[in-house]
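Written out below as structure tokens is the structure these notes cover.
Any read-out appearing in this document is the output of simple, stated calculations on the displayed coordinates, not a laboratory observation. Because the structure is predicted, anything quoted here is derived from the model rather than measured. With ideal geometry, Cβ positions are generated from the backbone for all residues, glycine too; neighbour counts draw on all protein chains shown.
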Amino acid sequence: MREGGHYLVSRRGLLILYAVTGLVVLTVMPTFALTPLLVKEHFNGGINQVAIMEGMTGVGIILGGVLAGSRIFFKRRIVAVMVSFAVSCAAVALTAAAPSNWFWLGSSGGL
């Protein structure tokens, strides 16, 4: 256990990755749980709109995973993951900032 902690502290990029991952999980994951409420109350949608929003989120997650795992970022994977986190957070912010009559913008924020 001590060796693992020393390894983590000695690798600055890995330590930053763990810190950012923790912050992203603590702030972004509740937004996914509250998506049905957002669609119903803010966008005045129903079950079909919830399905669209969840589906677009799934597509974005899959595309992000494929991009992060591709050979394009083979040497600098931590940078690719950090950029992916930034894009993900920007998409969530775009969804939250979308006006109530712009459901298409809110649903594409998940992509």
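Considering all different alpha carbon pairs of the chain, the Kirkwood hydrodynamic radius works out to 15.5 Å.
Each label was represented as a point 7 Å from its Cα along the Cα-to-Cβ direction; for N48 and A90 these points are 3.2 nm apart.
Taking label points 7 Å from Cα along the Cα-to-Cβ direction, L14 and R2 give a separation of 1.8 nm. Dividing the mean sequence gap of close Cα pairs (under 8 Å, 6+ apart) by how many residues the chain holds gives a relative contact order of 30 percent. Summed over qualifying helices (DSSP H, 4 residues or more, each -39500 (n - 2.57)) and divided by its residue number, the chain shows a 222 nm mean residue ellipticity of -24500 deg cm²/dmol. With 0.36 nm allotted per residue and the present C-alpha distance subtracted, the S100-E41 stretch has 20.3 nm of extension available.
Ordering L105, G45, M29 by Cα displacement along the dipole of the chain toward the positive end leaves M29 in first place; charges were set at the Cβ atoms of Lys, Arg (+1) and Asp, Glu (-1).
Of the complete DSSP H runs in the chain, those spanning 27 angstrom or more by Cα along the long axis with a mean Kyte-Doolittle score not below -1.0 are 12-33, 47-69, 77-97.
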